[in-house]
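Below is one structure; the comments refer to it alone.
The values are calculated or read from the model by the stated rules, or taken from the named source; none is laboratory data. None of the values given here were measured: they were computed from a predicted structure. Note that we place each Cβ from the backbone using ideal geometry, even for glycine, and neighbour counts take in every protein chain shown.
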Amino acid sequence: MTAPTGSTVRGGRLDGRLIGIGVTGSIAAYKAADLVRRLADEGADVVVLMTPSATRFVGELTFAALTRHPVETDVGGLLPDQRIGHIVVADSVDAIVVAPATAHWLASMATGLAGDAVTAACLATKAPVIVAPAMDGEMYAHPATRANVARLRDGFGYRIVEPESGPLASGQSGQGRLAETPAIVEAVIATISASPIREPDAAARPPLVAATQDADLDGRHVVVTAGGTAEPIDPVRFIGNRSTGKMGVALVAAAIGRGARVTLVAGHVSVPLPTDPAVQVVAAETTAQMDRAVRDAIGDADALIMAAAVADFRPRRSAATKLTRDERLQLDLEPTEDILAGVAESLVAGERAAAERPILVGFAAETGSLDRAADKLRRKGVDLLVANDVAEAGSGFGTDTNRVVILAADGSRDELPLLSKREVAERILDRVAGALDARDTAAQTEAVTQESRA
Ligand SMILES: Cc1cc2nc3c(=O)[nH]c(=O)nc-3n(C[C@H](O)[C@H](O)[C@H](O)COP(=O)(O)O)c2cc1C
């Protein structure tokens with residue numbers, strides 16, 4: 001994300017929530033950009049709806065860049081996948097906050113006139129609505145406005161964040177200045193904190209839009225592993241794990257969205273595999289097969305992202321025929337290949353110059369403390385390690401969301417809030433693209449230095 005929503009420290013009070021902001025045609029419309037950031041600081045993903053007149057005050061591009069979601073400015077607008085934009089917002093948000101709300105919008109809403117995307121979404125949603133009016137003092141004091149506010153509050157159950165008194169844009173003084181952003185944020189939190197996340201499935205939420213930097217993997221070859229490995233006990237049974245491949249497939253989708261060519265080395269997955277021509281899918285059942293497939297694929301790779309859950313042990317021997325109940329079964333296990341550590345080692349020993357080696361990204365699924373992950377980063381010789389506590393609710397196998405910590409070889413530690421797996425994928429690729437750019441810059445600097453010495 002350019003200035004991503006959800007870019008927060010762990011533990012935000014809106015972690016995993018999707019908040020819709022309705023912006024209407026007030027002089028205070030620019031303040032909605034700050035509201036996006038403050039909600040994001042609390043961990044929220046944010047999507048913006050605007051009335052046509054609001055777009056005369058602030059460009060929709062500002063909100064698209066801040067939220068990375070399409071901005072709904074047209075009640076007749078369709079998403080790229082043909083879903084109706086304001087209905088997707090209405091069905092997936094945890095709350096809609098209309099800030100600033102004009103006198104005109106209050107009147108439209110009070111009478112249910114669905115002529116703009118903000119009113120239409122509020123009419124269509126079951127989520128709570130918070131309204132922060134902003135206007136000239138006389139307008140706010142007018143009986144028509146008072147009646148409309150009362151209808152929204154008492155008739156519809158909307159929460160009103162009263163405007164403040166003081167100097168107004170008109171040069172006059174009165175009650176009509178948009179409430180301060182923190183007061184609006186607190187009203188949102190107070191309204192929804194007791195209710196569960198309404199729509200955790202990222203696929204049902206508004207899609208992400210490409211930000212300006214999103215072609216940053218153009219021409220790069222990214223190898224991603226996904227799913228779990230299966231180590232055979234006999235022809236029908238195996239030792240496996242709970243990995244579904246969702247995180248790896250989200251990484252593939254994000255990488256092709258950013259212009260990369262991708263090789264997906266897929267173990268056992270329970271999600272549809274990508275069919276995009278930019279993706280070559282290689283099936284690998286066992287850890288040994290995955291190890292070979294990865295080594296074959298990384299010849300010209302710029303990054304290897306090991307999102308697969310690879311078995312640490314396998315049966316030393318697998319039976320040629322199906323074992324029966326009568327047989328006394330005792331499994332003799334042996335360690336499997338450590339693919340990532342092995343690849344890191346062979347790259348260092350190999351012929352590729354340091355400046356051309358792929359960026360290596362490992363995943364560490366832990367239960368409980370993530371302290372072991374830092375040690376794993378050093379031991380495995382990788383550039384980035386994505387650690388998550390798979391025992392935590394909403395994180396790990398089979399979920400649509402994930403809360404991860406990205407550890408880097410330079411010692412930095414980036415704790416992300418609970419995000420959709422696609423969003424986690426984008427954050428990981430932000431780091432990969434940055435590391436590749438830094439690698440290229442270092443190589444160019446080195447070449448220039450060599451040239452000047454020659
Ligand atoms: C410079 C300027 C500032 C305005 N500020 C406000 C405002 O703060 N509150 C308000 O209710 N109307 C304000 N208006 C009037 C609204 O823009 C107008 O009523 C418009 O139709 C609102 O449309 P909407 O409610 O669909 O966004 C302003 C108009 C102008 C030209």
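Could you grab me the full set of residues in region 325-342 that are assigned to a loop (DSSP other than H, G, I, E, B) and under 38 Å from the mean Cα position of the chain (by Cα)? Reasoning before the result, please.
Here is the first cut: in region 325-342, the ones assigned to a loop (DSSP other than H, G, I, E, B) are 325-332, 336-338.
T336, E337, D338, listed by residue number.
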**Study point:** region 349-406: number of residues that are in a loop (DSSP other than H, G, I, E, B), modelled with pLDDT of 75 or more and more than 18 Å from A309 (Cα to Cα)
**Key:** 5
Exercise for review: Out of the residues in region 92-112 that are more than 10 Å from the ligand (Cβ to nearest atom) and of a type in the set (G, A, S), state the one that is surrounded by the most Cβ atoms within 10 Å (Cβ to Cβ).
Suggested key: A99
Point to revise | Matching helices (runs of 4 or more DSSP H) fully within region 94-153 where at least 3 residues are touching a Gly at 6+ places or on another chain (Cβ under 7 Å) | key: 117-124, 137-141
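Look through V224, V209 and report the one residue that is touching a helix residue (DSSP H, G or I) at 6+ places or on another chain (Cβ under 8 Å), within 22 Å of R403 (Cα to Cα) and surrounded by fewer than 21 Cβ atoms within 10 Å (Cβ to Cβ). Steps first, answer last, please.
Details: V224 fails: surrounded by fewer than 21 Cβ atoms within 10 Å (Cβ to Cβ).
V209 is the lone residue from the list that is touching a helix residue (DSSP H, G or I) at 6+ places or on another chain (Cβ under 8 Å), within 22 Å of R403 (Cα to Cα) and surrounded by fewer than 21 Cβ atoms within 10 Å (Cβ to Cβ).
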Exercise for review: Hey, could you check region 417-454 for residues that are in a helix (DSSP H, G or I) and among the polar types (S, T, N, Q) and say which is modelled with the lowest pLDDT?
Suggested key: S452
Review point. Is region 135-154 home to any residue that is at pLDDT 95 or above, of a type in the set (D, E) and out of contact with any helix residue (DSSP H, G or I) (no Cβ under 8 Å at 6 or more places or on another chain)?
Key: yes
Review point. Among G166, G115, which is surrounded by fewer than 19 Cβ atoms within 10 Å (Cβ to Cβ), free of Cβ contacts under 8 Å to residues at least 24 places away in the same chain and over 29 Å from R13 (Cα atoms)?
Key: G166
Point to revise | Hey, A103 aliphatic (A, V, I, L, M), modelled with pLDDT of 95 or more and under 30 Å from L208 (Cβ atoms) or not | key: no
Review point. Based on what the data block shows, is V89 within 11 Å of the ligand (Cβ to nearest atom), closer than 30 Å to V424 by Cα and either under 28 Å from the mean Cα position of the chain (by Cα) or among the basic types (K, R) (or both)?
Key: no
Exercise for review: Starting from region 287-313, keep only residues that are part of a strand (DSSP E or B), then list their pairs with residues that are among the β-branched types (V, I, T) and surrounded by 16 or more Cβ atoms within 10 Å (Cβ to Cβ) whose Cβ atoms are within a distance under 6 Å, requiring at least 6 positions of separation or different chains.
Suggested key: A303/V222; A303/I359; A303/V432; L304/V223; L304/I298; I305/V224; I305/V361; M306/T225
Revision key, fill the gap. Just one listed residue, out of P133, P128, is within 12 Å of the ligand (Cβ to nearest atom), assigned by TED's automatic domain parsing to the domain that holds F57 and either buried (at least 24 other Cβ atoms within 10 Å of the Cβ) or within 24 Å of D34 (Cβ to Cβ) (or both), and it is P133
Exercise for review: Out of the residues in region 139-155 that are loosely packed, with under 15 Cβ neighbours inside 10 Å and of a type outside the set (G, A, S), state the one that is farthest from the ligand (Cβ to nearest atom).
Suggested key: D154
